[in-house]
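Just so it is clear, none of the values below were taken in a lab; they were calculated from the coordinates. Predicted model, so just to flag it, every value in this text is computed and none were measured. Glycine also receives a Cβ, built like all others from the backbone with ideal geometry; neighbour counts cover every protein chain displayed.
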């Protein structure tokens, strides 16, 4: 039994405050590799991960995301220096689930690599927009892709909250 892997899953928390310090390339590569090993329907590997560390592009994504949430002055990425955009090919019926599995692998791998992370929503709306489609084209992504989520990465600034108690009826056993 791999108790260390179970500990990583149990202790990972979403982080909403980051230092203004870029993550190391080796840490990023480890997280990205873990994302590519997420399970996908029929092994089709429908998702694509776009690793963004360019401040200008992160700023653009931040503005798009904040506008969708209705607060253009907000920072939905909490100052994180790296944003991993997960997209998935809409032509496959499992694309949303495939992308969600990639997101989970990225989040858990980040914790295992000593990074902090958070899943930020509204990627679907971002990449359904004309501006989002223009970004996909600029990035060389062709086809009909849906934005699944953003995995923000960095080093936390401050303390994380402890986990809430697990609800009593979380697991139902049928023997």
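Per-structure values
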{"read-out": "Which listed residue, of 107, 61, 32, 135, is under 19 Å from residue 157 (Cβ atoms) and assigned to a helix (DSSP H, G or I)", "value": "107"}
{"read-out": "Flag if residue 84 is outside any loop (DSSP other than H, G, I, E, B), crowded, with 16+ Cβ neighbours inside 10 Å and under 13 Å from the mean Cα position of the chain (by Cα)", "value": "yes"}
{"read-out": "Failed item, numbered, when residue 157 is tested on (1) touching a strand residue (DSSP E or B) at 6+ places or on another chain (Cβ under 9 Å); (2) more than 20 Å from residue 28 (Cβ to Cβ)", "value": "(2)"}
